[in-house]
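Student: Okay, handing you the structure first.
The values are calculated or read from the model by the stated rules, or taken from the named source; none is laboratory data. Because the structure is a prediction, the values reported are computed rather than measured. Reconstructed Cβ throughout: ideal geometry from the backbone, glycine too, with neighbour counts over all protein chains shown. Please note that ligands, DNA and RNA were not included when accessible areas were found on the heavy atoms of the full protein model with its side chains. Shrake-Rupley method; radii C 1.70, N 1.55, O 1.52, S 1.80 Å.
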Amino acid sequence: MKLIVECGATKSQWSLLGGDSFRTGGMNFSSGDAAYLDATLQEGISLTGPGVTEVYFYAAGLFPDTEPYRRVKARFGAAYPDAEIFLENDLMAAARAVCGHKAGVAVILGTGSNTCLYDGDRITRTVPSGGFILGDEGSASALGRQFVSDYIKGLVPEAMARYFAARFDMAYPSLVREVYHGASPAGFLGSFAPEILRFYASVPYARDLVDGNFRAFIRRCL
C-alpha cells in the first residue's frame, strides 16, 4: 500500500491509497522544533498501521543531506523496514500535482509561499521564499504580518480593529510574544488571513492589503 504525506507549516495530510486519509499538525523542517516534529511524525505513523510498502513524504524545509532528512528517513525505515521511502520538499509535491510529467511553473500559496520552474522531472529553478520574516509574499503569514503591523500602529480602520479585538487577543504584549517566542509564528500570523478576507468586499483597506500581497508575490517571486 502507498502512503502519501504532504506537509505544510499548518497541517499535514496523510493518505493511504485505497484506504484512510487523515490530518496531523504541520511540519516545517527548516524552522520547526525538533521534539514537536518527531512527535507529529510519530503520531502520523502510528495512525497509518501496517502494510505500507511505499512512502512518499513531502514536507516544507526538507532537503537531502540534512539532519532532519536523515531523521525522517530513519523514522520511516524503522516503522516500515521493507518499504521504499521517497522524501522530497513540499515544492516538489506542488510541481508533481500541478504539472505531472510536463514542464511548467508551480506555486505554493498557503501559510507560506514558494514557486518553481519544473521540467517535468525535476525542479530547475526556484526563487527562495525567505520565510515569514524575509519574504513569503502572497502567503497567509505575509498578509497577517502586515495586518498585525498595521494594527499595533493604529492603521487599521476602527470598525475592523474592533472586530479583531473582540475575537483575538490583540494586546500588544500578546502579539509580540506570539510572533517572537511562539511555537508557530507563521501559523499564528496566517490565522488572521480568513478573517481579513471577510472585509475584502466592503473595506478598501482590506482589499488593498490582500491585493498588495498578491502583487508583491507576482513582482518579487513569480
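Student: Could you name the lysines in cross-link range of Lys102, using Cα to Cα under 30 Å and dropping any fewer than eight places away on the same chain?
Tutor: Hits, sequence-local ones excluded: Lys2, Lys11, Lys73.
Student: I need the peptides 205-212, 114-121, 18-25 ranked by packing, meaning the mean over residues of other C-beta atoms within 10 angstrom, with the highest value on top.
Tutor: On the way: 205-212: 15.6, 114-121: 17.9, 18-25: 13.2.
Ranking the peptides 205-212, 114-121, 18-25 by packing returns 114-121, 205-212, 18-25.
Student: Let me ask another. Accessible area per residue for the stretch 78-181 in Å², computed with a 1.4 Å probe and the full protein assembly in place, what is it?
Tutor: 56
Student: Let me ask you something else. Any idea what the relative contact order of the stretch 37-115 is, in percent, if you count C-alpha pairs under 8 Å spaced at least 6 apart? Write out the running numbers ahead of the final one.
Tutor: Values: 79 pairs, mean separation 22.0, N = 79.
Relative CO of the stretch 37-115 lands at 28 percent.
Student: So, one more: What order do you get for 91-100, 147-156, 3-12 when each peptide is scored by the mean count of other beta carbon atoms within 10 Å, highest first?
Tutor: Values: 91-100: 17.9, 147-156: 16.1, 3-12: 22.5.
Those peptides, ordered most packed to least, come out 3-12, 91-100, 147-156.
Student: From the Cα gyration tensor of the chain, with a ≥ b ≥ c the square roots of its eigenvalues, which class applies: rounded if a/c is under 1.5, or else prolate if a/b is larger than b/c, or else oblate?
Tutor: On the way: a/c = 2.30, a/b = 1.66, b/c = 1.39.
Taking the square roots of the gyration eigenvalues as a ≥ b ≥ c, the chain is prolate.
Student: Expressed as a rounded percentage, what relative contact order does the chain have, with Cα pairs under 8 Å and six or more residues apart? Before the final figure, lay out the partial values.
Tutor: Values: 370 pairs, mean separation 32.1, N = 222.
After rounding, I find 14 percent.
Student: Explain nothing, just the number: relative contact order of the stretch 139-222, from Cα pairs under 8 Å at least 6 residues apart, as a whole percent.
Tutor: On the way: 60 pairs, mean separation 35.3, N = 84.
That works out to 42 percent.
Student: Please calculate how many Å² of accessible area the stretch 1-74 carries per residue, with a 1.4 Å probe and no DNA, RNA or ligand atoms counted.
Tutor: Values: 3670 Å² over 74 residues.
Roughly 50 Å² per residue, with all protein chains present.
Student: From the square roots a ≥ b ≥ c of the eigenvalues of the alpha-carbon gyration tensor of the stretch 135-222, which class results: rounded (a/c under 1.5), prolate (a/b over b/c), or oblate? Intermediate values should be presented prior to the final figure.
Tutor: Values: a/c = 2.02, a/b = 1.14, b/c = 1.77.
Oblate shape, in that a/c is at least 1.5 and b/c is the bigger or equal ratio.
Student: So how much slack lies between Leu222 and Asp20, counting 0.36 nm per residue of separation and subtracting their Cα-Cα distance, in nm?
Tutor: Details: separation 202, 0.36 × 202 = 72.72 nm, distance 3.53 nm.
My answer for the length gained is 69.2 nm.
Student: How much FRET efficiency would the formula 1/(1 + (r/R0)^6) give for Ile123 and Asp169, where r is the Cβ-Cβ distance and R0 is 41 Å, rounded to 0.05? List each step's numbers first, then the result.
Tutor: Details: r = 40 Å, r/R0 = 0.97.
E between Ile123 and Asp169, to the nearest 0.05, is 0.55.
Student: Just the number, please: carbon plus sulfur as a percent of the accessible area of the chain, 1.4 Å probe, no ligands or DNA/RNA counted. Let's see the in-between values first.
Tutor: Numbers: 6560 of 11870 Å².
Heavy-atom surface of the chain belonging to carbon and sulfur, 1.4 Å probe: 55 percent.
Student: Highest mean first, how do 188-195, 79-86 rank when packing is the count of other Cβ atoms within 10 Å averaged over residues? Could you put the intermediate results ahead of the total?
Tutor: Details: 188-195: 19.5, 79-86: 14.1.
Listed from highest to lowest mean packing, they are 188-195, 79-86.
Student: To continue, here is another question. Viscosity 1.567 mPa s, temperature 4 °C: give me the Stokes-Einstein translational D for the stretch 72-189 in µm²/s, with Rh taken as the Kirkwood radius over C-alpha pairs.
Tutor: Numbers: Rh = 17.0 Å.
The estimated diffusion coefficient comes to 76 µm²/s.
Student: Which FRET efficiency value, to the nearest 0.05, do you get for Lys153 and Ala201 by plugging their Cβ-Cβ distance into 1/(1 + (r/R0)^6) with R0 = 22 Å? Walk me through the numbers before you get to the answer.
Tutor: Details: r = 25 Å, r/R0 = 1.12.
Efficiency for this residue pair is about 0.35.
Student: A further question follows. Going toward the positive end of the dipole of the stretch 95-180, with +1 on Lys and Arg Cβ and -1 on Asp and Glu Cβ, which of Gly110, Pro157, Phe168 do you reach last?
Tutor: Gly110
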